[in-house]
Amino acid sequence: MTTVSIVSSQPTVPGTYVLLLMDVAERWNISADKLLAGEGLQPEDCLRSGFRLPRESFANLIERAVSLTGEPGIGFLLGLQMRVSCHGVIGQAAMVARTLGEALEIARAYFDMPSSDLQLRIEREAGHEGDMVRLSLGERDERYRLSEVGAQFLLTGFAAMAEALTGRKLKGEGVIRFPRPSYMERYDHLVAGKLHFDGAFNGFIFDASILDYPLVMSDPVAARIAREQCKEELGRLGGGRSLAQQVRDLVFDEELGFASIEEVAEKLNTTPRTLQRRLQAEGVVFRQLVESIRQHHAERLLLLNQKSIGEVSDLLGYSDVTNFSRAFRRWAGCSPRDYLKQHAAG
């Protein structure tokens, strides 16, 4: 059987993606047993909590589905079937977040897990008509580049989930790294916005104001609980990573700020003293690690331009803006305000 441990560091995909593929294949009367033949899988395997399967196995299943159905554009149909709930507690946390921007930050953490070979990047850029956001899906390892069907699946799925979360039609442009396929005319009506083929990346470009769209199911109390569950899930999926990498995932929360060493140790089922000792064995000091994370998030949050300098200072745990500005000047060689001006000029 091709099941893998949920703490595997090899590239994997959620079992729910297989369920989506089975559902689409049934439209051509392709049975689950026929689709899964050759991969040693049973339909009930995919229903198990936390089940993931190797990326290579899922790629084989997609190729088999295309062969059995004769439909090369099956990725578009898969994407339209995708729901936020397909991603377990991570999806639940995204559903009850305050804004689409916060939901995307949760998704970014999900794709950054070691069991995924993909990374979600959210970058803000200055455009002719105001700030734009570039959301891209990139591979950690070029050996696992997204296939044409995989790009169709994920990008269509992202667009469908974003509209479901906000209850609004979203304006933007999609970018696909592949040439325009000959069968694209049959799917043009399913694509919400303009698609650019032969692009430099797989992803979207849209107006930055979309990040502030409120979510229809936003719930601050449920969001706080869900974020804690996400932290536990990330800790549970931590196999294959260094301890320092796991601490990086657990120590900072987009809304709650920084966790103490005691809180991080509890999530990793250890004691603060043991955590310090294990970090030191990797040549890392907890305090210095927190400082480097503060610098990273300070620059990222300022460039996202969703929070004021004072709000960023509070979130990163500084007692006042003066202390934050002093630390930022030490990192970047200029004040937060000058940093923003330099970025705008660039």
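Numbers at a glance
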{"read-out": "Per residue solvent-accessible surface (Å²) - the stretch 242-301, probe of 1.4 Å", "value": "52 Å²"}
{"read-out": "Rounded to 10°, Cα long-axis angle of helix 321-332 versus longest principal axis of the chain", "value": "70 degrees"}
{"read-out": "Sequence-distant residues sharing a close amide H with HIS196 (under 5 Å, placed H)", "value": "GLY174, VAL175, ILE176"}
{"read-out": "Within the stretch 172-188, backbone nitrogen closer than 18 Å to the virtual label 7 Å beyond the Cα of PHE197 toward Cβ", "value": "173-188"}
{"read-out": "30 Å Cα-Cα threshold exceeded, pairs from LYS34/LYS171; LYS171/LYS307; LYS34/LYS267; LYS169/LYS267", "value": "LYS34/LYS171; LYS34/LYS267; LYS169/LYS267"}
{"read-out": "Under 5 Å, built H, 5+ apart or other chain: amide partners of PHE258", "value": "ASP253"}
{"read-out": "On Cα atoms only, tilt of 15-25 relative to the major axis of the chain in degrees", "value": "30 degrees"}
{"read-out": "Cα→Cβ-extended label distance, 7 Å offset, between LYS307 and ARG326, nm", "value": "2.1 nm"}
{"read-out": "Sites ARG300 and ASN29, calculated FRET efficiency, Cβ-Cβ separation with R0 56 Å, nearest 0.05", "value": "0.70"}
{"read-out": "Neighbour net charge for HIS196 - beta-carbon separation under 11 angstrom, K R +1, D E -1", "value": "+1"}
{"read-out": "C-alpha long axis of helix 272-281 to longest principal axis of the chain, angle in °", "value": "80 degrees"}
{"read-out": "Rounded to 5, percent antiparallel among DSSP beta bridges of the chain", "value": "90 percent"}
{"read-out": "Theoretical FRET efficiency, 1/(1+(r/R0)^6), r = Cβ-Cβ of HIS343 and GLN42, R0 41 Å, to 0.05", "value": "0.20"}
{"read-out": "Net charge contributed by nearby residues that have their C-beta within less than 13 Å of ILE261 (K/R +1, D/E -1)", "value": "+2"}
{"read-out": "Length added when fully stretched, TYR183-GLU125, from 0.36 nm per residue minus Cα-Cα", "value": "17.6 nm"}
{"read-out": "Full-extension gain in nm, ARG98 to THR271, via 0.36 nm per residue minus C-alpha separation", "value": "59.0 nm"}
{"read-out": "Cβ-placed point charges (K, R +1; D, E -1), dipole of the chain about Cα centre in debye, nearest 20", "value": "640 debye"}
{"read-out": "Extension gain from LYS169 to GLU63, taking 0.36 nm per residue of separation minus the Cα-Cα distance", "value": "35.0 nm"}
{"read-out": "Modelled FRET efficiency - R0 22 Å, ARG224 with ARG108, Cβ distances, 0.05 increments", "value": "0.70"}
{"read-out": "Net charge over other residues, Cβ less than 14 angstrom from the Cβ of THR166 (K, R count +1; D, E count -1)", "value": "0"}
{"read-out": "The chain - mean residue ellipticity at 222 nm from DSSP helices (-39,500 (n - 2.57) per run, n ≥ 4, rounded to 500)", "value": "-15000 deg cm²/dmol"}
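The values are calculated or read from the model by the stated rules, or taken from the named source; none is laboratory data. Because the structure is predicted, anything quoted here is derived from the model rather than measured. Cβ sites come from the backbone with ideal geometry, for glycine too, and all protein chains shown count toward neighbours. Calculation scope for accessible area: heavy atoms of the full protein, side chains included, ligands and nucleic acids excluded. Shrake-Rupley method; radii C 1.70, N 1.55, O 1.52, S 1.80 Å.
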